[in-house]
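Heads up: the structure comes next, in structure tokens.
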Amino acid sequence: MRLPSRRGVTLLEVIMAMVILTIAIVPMLDVFGVTGRTVAKSQNLSLAVGLSHKIAQHLLTMPYDAIVDKAETPLADGADDQVFNPLENPGTSQTTNRRITAAQLPELHAFLKKYSVRYALDVVGDAPKDVKIIITWIEQGRNMLYSLRVYVSRR
Amino acid sequence: MAAGLLTVIVGIVTQWFFSQRQYQDRITRLSDIQENLRQATFAMARELKTGRQVIWPRVNPDQSPRTDSVLVFKNFRGAIVAFFHRPAERKIRRVVIPNGPGMPVEDTAPLGDGIASLTFTTMGPDNKLVSLHLSTEGVHHLDAVRLVNE
Amino acid sequence: MPSASSTNNPPPSGPRRPRGVAMFFVLGIVAVMVPLLLLFSMIGSSQAKQAMHFHDRITTEAIAWSALEAGIARLQASGGADLVSGSLSEVDYQFSLNPTGTGMASQALFNVFARSQKGPFTYIYLTVCEQIPRSPLAPADPNPVITHDFWGTVQNYDITQAFDCVAIANARGADYLEWERTVTYEQDRTDAEYRAALLGKASGLPPEVAANWSAIVDELARQKAVLTP
């Protein structure tokens, strides 16, 4: 029996559909990736804004002469700096201080470690001191930076 | 053959559609969480900054920080204000305790919604630096406020 | 639906096949995907916008505070009444030192207004500064400056306009009067009276605060204002 000519057309349509869909879906899948990355990026930006504001507040309690340049310091597993380590203390003495370590604050530690979040200070001038607070992190293999400049006067 | 190919395509796209819906829910949720953390932080920081004294918690006798989920302070107007976290509701609430006649009044609207955990940590020799740590479902926000009034 | 050509020709033998089925599905799928795509791009862009709004709000606070610090530094170095502007972290700021008189110890009194703005967000601080004259024994040292009663607002006042400066000062004044009322309330009560009044409020407290209320009252009583001779 001779096949009707329309059968071939339908198959062609399906093949065309597959091609069109492939062409359409591949870039679209990347758009979803871009959206996800934008949300993650905004999360890291907000975190960096909060961190720099936190440091700016700590500068107001530090002795004026102790406000000096500081090299990049990691927040996770960082040395005791009285800003991020120790971060919390649910108890009543230094023995219960909590630092950002895998043992003491595991979730926060994993989050900061994942993006390798660090901070640094660049201090220029005097009366007032011009302090550049620099937050750096790694996002999708790229080095990211956020900075906030603030003045601190002698009290 | 055409019908088979079409079924495969429709199947793939349907699966893709549902997986994207799940992904969309996750992204929307993450987005909401971030905004909740941001709004709550700013709302608390505004009143706290020009506050006068932190009443609770107090730094420990050995000057180590002290953490609590309740923060009590005197605001610029001298009223006693408490910010506290209510884990069951995942809300941050504010109550004003008049420093004079009158009973405490809790704000109807929460300061923050959808917040799984919140800690206030007081630091510094004068107990006037309050470190904030908010988190929900793996998203964290850190900030601090230095009270500037006496 | 039959096409124009099929109406002109006799239909093929055998079961009739729907035509354009695949294209129908493609169009259907695209119709589903396009709104989804739009939704996703909206989530991404609105999230980025919200993050930038937060950045702008927090940054205006930090820069307004920096403007205040710049004003204090100017008073320490004997700077006079002036309006000074600049920018930090790409945010514009202004501070103005408005003299309000001379104090009992010959110190110059100033209202210091500091303002920063980024996009639609504004932050303004007002504080009172007392500039104490330099010691004749150490004329090279900066002037000691005492600052107190810091007050802030996010309302968009123009600190270059005297009218707006008066409005800011009045708003702060209303809050300051309330502060004085609470101080008087504390001073007029003995420790025991003050403690009893506060403990009486326990029944109206949320359980989270009530749990530590006794210890909180101890601290409030310890910090109670007292009349100093």
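Note the angle between two axes, namely the Cα long axis of helix A:6-59 and the longest principal axis of the Cα atoms of chain A, as a number of degrees from 0 to 90, rounded to the nearest 10. For helix A:6-59, the angle is close to 10 degrees. Here the protein assembly as shown is assigned +1 on the Cβ of each Lys and Arg and -1 on the Cβ of each Asp and Glu. Its dipole about the Cα centre then comes out at about 2300 debye.
Radius of gyration over Kirkwood radius for chain C, both on Cα atoms: the Rg/Rh ratio is 1.38.
Amide H to amide H distances under 5 Å link B:ILE55 with B:VAL72, B:PHE73, B:LYS74, where only residues 5 or more positions off or on other chains count and H is placed in the peptide plane. Gap in Å between the Cα centre of the stretch C:46-110 and the Cα centre of the stretch B:54-71? The two parts, judged by their Cα centres, are 31 Å apart. Using Cα atoms only, what is the angle between the long axis of helix C:21-76 and the major principal axis of chain C, expressed in degrees (0 to 90) to the nearest 10? It works out to around 10 degrees. Annotation: lysines with alpha-carbon distance below 18 angstrom to A:LYS114 (same-chain offsets under eight excluded): A:LYS41. In the stretch B:2-146, a dipole from Cβ-located charges (positive for Lys and Arg, negative for Asp and Glu) runs towards its positive end, and of B:VAL8, B:VAL54, B:HIS133 it is B:VAL54 whose Cα lies farthest in that direction. Among C:CYS165, C:CYS129, a tally of other beta-carbon atoms within 10 Å of each Cβ gives an order, fewest to most, of C:CYS165, C:CYS129.
Mean per-residue shielding of peptide B:16-26 is 3, counting Cβ atoms of other chains within 10 Å of each Cβ. Could you work out how far the C-alpha centroid of the stretch C:155-193 sits from that of the stretch B:5-53, in angstrom? Centre-to-centre distance over Cα atoms comes out at 41 Å.
The modelled label-to-label distance for the pair C:ASP158/B:VAL105, using points 7 Å beyond Cα in the direction of Cβ, is 3.5 nm. Residue by residue along B:57-65, Cβ atoms of other protein chains within 10 Å of the local Cβ number 5 on average.
Between B:THR136 and B:ALA116, the built amide H atoms are under 5 Å apart, and every one of these is 5 or more places off in sequence or on another chain. Considering helices alone, the calculated mean residue ellipticity of the protein assembly as shown at 222 nm is -14500 deg cm²/dmol, with DSSP H runs of length four and up weighted by -39500 (n - 2.57) and normalised per residue. Overall, the ratio between the Cα radius of gyration of chain B and 2.2 N^0.38 Å, rounded to two decimals, is 1.52. Averaged over peptide C:206-217, the number of partner chain Cβ atoms lying within 10 Å of each residue's Cβ comes to 5. The angle separating the long axis of helix B:2-49 from the principal Cα axis of greatest extent in chain B is about 10 degrees. Projecting the Cα atoms of A:ILE134, A:GLN94, A:LEU121 onto the charge dipole of the stretch A:32-155, computed from C-beta unit charges around the Cα centre, puts A:ILE134 farthest toward the positive end.
Take A:108-119, C:202-213 and order them by the average number of nearby Cβ atoms within 10 Å per residue, most first; the result is A:108-119, C:202-213.
For the stretch B:81-96, 3J(HN,Hα) computed residue by residue from phi via the Karplus equation (6.51, -1.76, 1.60; θ = phi - 60°) reads 10, 10, 9, 8, 9, 10, x, 4, 9, 6, 10, 9, 10, 10, 10, 9 Hz, glycine and proline entered as x.
The 3J(HN,Hα) values that the Karplus relation (6.51, -1.76, 1.60; θ = phi - 60°) gives for the stretch A:96-113 are, in residue order, 9, 3, 10, 9, 7, 10, 4, 7, 9, 10, x, 5, 5, 4, 4, 5, 6, 5 Hz. Gly and Pro appear as x.
Only the coordinates and a few stated rules stand behind these numbers; no lab work does. Note that this is a predicted model, so its numbers are computed, not measured. All Cβ positions, even for glycine, are placed from backbone atoms using ideal geometry, and neighbour counts span all protein chains on display.
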